[in-house]
């Protein structure tokens, strides 16, 4: 029979099934717990020749990586047990020597007739499965089965039980060792040329967990397996009536029927119903059969060969030819994928018109300081050694946590910030943290000071982590992930600095390439980042230039001589993706210096924005309200947090700026006057009863 495989476009990985499979192998609430080096292996490629190992504490990250590789055209597999990964780098296939622990034994069948045969043997042996991964349904059902076992001791014990299971079921003998990787559920299985010629098509693999699966003791299961050794494998698949379907066939049929598809038995029954062109509903049934066969990759010639028994005049029937040709033309004209025809959600369009982009609903960035730093931004802060990079980074982090202004950058809201120091001693870090706290509080009036809350600022010195691992290793990344979990998540992380926290030559790309997937995963989870780094003798970022490619902003500090200052430099953005005409001042080149224990800045917009001291206090009241977060009366206007006048007045009352009880008329007049002054000086903008800072 002639089959012409048409590439099936539009298939996308199912992240839900990917996570379900990974969490089944490495459940979060595992009674036995995990070692610090416990990992999940994700193998990928046309064959499983490449791999990345992920901490069991980062399953979602592993799932995202698997989905991304799969969308890129790679087949994806997962280690069937927990690996004990103690070597660097993490990009390597594991061996049996990396066996960590295992909760399952497994088998793989992929030949016609295996499904009902395996099901029959398992029932006779009184063995129940925990979950299955359906690796394909066309041209026949293929699956992996997993049985939960409580006390697998080591790699040899794993292989012993897997071997006994394989002998019992006469399944694939190549999947018994502990270093085996198995197809990851939820990913697209891309068949090679040989399989396509045998009728295989690209399909999304699926995960199915059985209700209340048992957990076996190893010796108990071995006894069950040993009682049934010698079961023979039949040579071919016998036709099945729908009532005789086993658990695997029923599961596969349910999946197809839920998606509006036809199974092999459905096709067989419809052809028998209309044998010789008889029976009611012939036209609609032939349309359904034809469409299913087109999705499976058959060409018109092959389809007519299959359905000829249900046609009055066989292959040359004058009705079937036009019917098949019409559906074939529809399939190609509309470029319909198998996924879109089985009522699964259509993938997002790759290319949009300007009108579609105009109407597209995209979230506004969650800005933390002006429009420079947000929960999804990544930036590098680079400068020469000893210039004051760490002092500046700590100052930014503390004010970001408090929702306070820093020089010409406006605080947007209170946030949780993690500062990670890899270079200073604990004594020096403590000294700098307390000095910066003092400077921050001194910037506020006595009335404002009690409202300043820096509890969201957390600082870590790597000396406080025993055997701290570099952040380009899975162990190092896992230690930071645990810390983020301990503080119940964070909005922003400051890494100080690249040379101290990442191992390996800075001029090579390898060390940063090992870190980059984790960097991107933090962004996806809404954790902004500032990476402090050094510059070379030419005041350019030290090392590989690829480090800046994935950044939204690159900030370079240049020394500036200034008398009577402790720190003095020029801050310039050499890269600023978020810069626009309306926020250009946030990214201006400015001179910053620390004098008399106070941060100062020569920002042009600060020099121009001259208002009275009383108006400045009303401005600070508005900033305080914004720092407290959204209220029921707040709005998002023009991408900004806009405060209602009632909330602003309440804060002015708290600060003693107005008295709406004893001096109601004066309170209204003062509020309106200073609001106008702030608008005129371009410090704020207003729309109706709502105001926001510029």
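The values are calculated or read from the model by the stated rules, or taken from the named source; none is laboratory data. The structure displayed is predicted, hence computed values, not measured ones. All Cβ positions, even for glycine, are placed from backbone atoms using ideal geometry, and neighbour counts span all protein chains on display.
A few remarks follow.
- Checked against the criterion of being out of contact with any strand residue (DSSP E or B) (no Cβ under 6 Å at 6 or more places or on another chain) and on the phi < 0 side of the Ramachandran plot, the candidates 64, 98 yield just one match: 64.
- Residue 677 in contact (Cβ under 8 Å) with a residue 24 or more places away in the chain and either out of contact with any strand residue (DSSP E or B) (no Cβ under 8 Å at 6 or more places or on another chain) or assigned to a loop (DSSP other than H, G, I, E, B) (or both): yes
- Applying the criterion of being assigned to a loop (DSSP other than H, G, I, E, B) and modelled with pLDDT of 85 or more to the residues of the range 500-518, the residue that is surrounded by the fewest Cβ atoms within 10 Å (Cβ to Cβ) is 503.
- Candidates are the residues of the range 65-94 that are buried (at least 19 other Cβ atoms within 10 Å of the Cβ) and at pLDDT below 85; the one that is farthest from residue 180 (Cα to Cα) is 90.
- Of the listed requirements (1) more than 42 Å from the chain's Cα centre (by Cα); (2) assigned to a helix (DSSP H, G or I), residue 619 misses just one: (1).
- For the range 130-158, the set of residues classified as surrounded by fewer than 19 Cβ atoms within 10 Å (Cβ to Cβ) and in a helix (DSSP H, G or I) consists of 156, 157, listed by residue number.
- Some residue of the range 519-539 being surrounded by fewer than 13 Cβ atoms within 10 Å (Cβ to Cβ) and under 14 Å from residue 417 (Cβ atoms): no
- Considering (1) surrounded by 17 or more Cβ atoms within 10 Å (Cβ to Cβ); (2) assigned to a helix (DSSP H, G or I), the lone condition that residue 482 does not fulfil carries the number (1).
- Here residue 633 meets the list (1) part of a loop (DSSP other than H, G, I, E, B); (2) closer than 22 Å to residue 409 by Cβ almost entirely, failing just condition (2).
- Scanning the range 112-129 for residues that are in a loop (DSSP other than H, G, I, E, B) and at pLDDT 90 or above yields 127, 128, 129.
- Test for residue 556: is it in the same structural domain as residue 443 (by TED's automatic domain parsing) and either within 33 Å of the chain's Cα centre (by Cα) or surrounded by 17 or more Cβ atoms within 10 Å (Cβ to Cβ) (or both): yes
- When the range 535-569 is filtered for residues that are modelled with pLDDT of 90 or more and under 30 Å from residue 58 (Cα atoms), the ones remaining, listed by number, are 551, 552, 553, 554.
- Test for residue 195: is it closer than 18 Å to residue 123 by Cβ, free of Cβ contacts under 8 Å to residues at least 24 places away in the same chain and surrounded by fewer than 22 Cβ atoms within 10 Å (Cβ to Cβ): no
- Taken over the range 655-674, the criterion of being assigned to a helix (DSSP H, G or I) and free of Cβ contacts under 8 Å to residues at least 60 places away in the same chain is satisfied by 664, 665, 666, 667, 668, 669, 670, 671, 672, 673.
- Filtering 321, 302 for residues that are modelled with pLDDT under 80 and either touching a helix residue (DSSP H, G or I) at 6+ places or on another chain (Cβ under 9 Å) or surrounded by fewer than 13 Cβ atoms within 10 Å (Cβ to Cβ) (or both) leaves a single hit, 302.
- Those strands (runs of 3 or more DSSP E) of the range 361-471 in which at least 3 residues are modelled with pLDDT of 95 or more and over 20 Å from residue 600 (Cα atoms), considering only elements entirely within it, cover 378-383, 417-421, 457-461.
- Candidates are the residues of the range 577-591 that are outside any loop (DSSP other than H, G, I, E, B) and in contact (Cβ under 8 Å) with a residue 40 or more places away in the chain; the one that is nearest to residue 685 (Cα to Cα) is 583.
- Entry remark, the range 589-618: residues being farther than 16 Å from residue 396 by Cβ and modelled with pLDDT of 85 or more number 9 in total.
- Helices (runs of 4 or more DSSP H) contained in the range 164-279 and holding at least 2 residues over 30 Å from residue 47 (Cβ atoms) and modelled with pLDDT of 85 or more: 218-226, 264-273
- Of the set (1) in contact with a helix residue (DSSP H, G or I) (Cβ under 6 Å, 6 or more places away or on another chain); (2) closer than 25 Å to residue 368 by Cα; (3) in a helix (DSSP H, G or I), all apply to residue 650 but (1).
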